[in-house]
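Read-outs throughout are calculated quantities, based only on the coordinates presented, and are distinct from any laboratory measurement. This one's a predicted model, so the numbers in the text were calculated from it and none came from an experiment. All Cβ positions, glycine included, derive from the backbone under ideal geometry; neighbour counts span all protein chains shown.
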Amino acid sequence: MPQYLLSVHGTQDSAYATDEEMQQAYADTGRLNEEMQASGSWIFAGGLHKASTAKVVQSKDGVLLHTDGPYLDSKEHIGGFWIIDVADEAAALAWADKATVACRGAVEVRPFQG
């Protein structure tokens, strides 16, 4: 079965109006994770720290460079993700529908190569 990356996109600012809404989103996402695991679709998932904690490693003219901050200078960054194994794109989109509601963020769906 094909594998898909469901990535949650958002800004550095909190997507939640209140702490209560944030806690509810965490609970809803936890239930979604359990549902994915029970279905056999779950491979791996994780939330990420703020983009400002990122380090970028590059090779320029044979020299390895380590720099602070996210690779892309953008308002939006990946905040978390799921890797799932499902029958087809329609199934991946069905999980993404649930994911965007649970985590209250935009979810990009992309298949892995091969």
Listed candidates (i) 47, 42, 18; (ii) 38, 28, 21; (iii) 36, 28, 26 - label of the one calculated as Cα extents along the principal axes in Å: (i)
Between residue 56 and residue 93, the FRET efficiency computed from the C-beta separation at R0 = 35 Å comes out, to the nearest 0.05, as 0.65
Loop trypsin sites (Lys or Arg not before Pro), the stretch 55-100, which have at most 16 other Cβ atoms in a 10 Å radius of their Cβ (DSSP): 75
Using the Karplus equation 6.51 cos²θ - 1.76 cosθ + 1.60 (θ = phi - 60°), what ³J(HN,Hα) coupling, rounded to whole Hz, does each residue of the stretch 63-73 give in order, writing x for Gly and Pro? 9, 7, 10, 10, 10, 7, x, x, 5, 8, 8
Return the lysines within reach of residue 75: Cα separation strictly under 25 angstrom, same-chain partners fewer than 8 residues apart disregarded; answer none if there are no such residues. 50, 55, 98
I'd like the distance between the alpha-carbon centres of the stretch 6-49 and the stretch 75-96, rounded to an integer number of Å. 12
Most mobile of 66, 49, 77 per a Gaussian network model of the chain (Cα springs, under 10 Å)? 66
Going residue by residue through the stretch 15-20, the Karplus relation 6.51 cos²θ - 1.76 cosθ + 1.60 with θ = phi - 60° gives ³J(HN,Hα) values, rounded to whole Hz and with x marking Gly or Pro, of 7, 10, 5, 9, 4, 4
Name the long-range amide H neighbours of residue 106: under 5 Å, sequence gap of 5 or more, or other chain; modelled H, no Pro or chain starts. 9
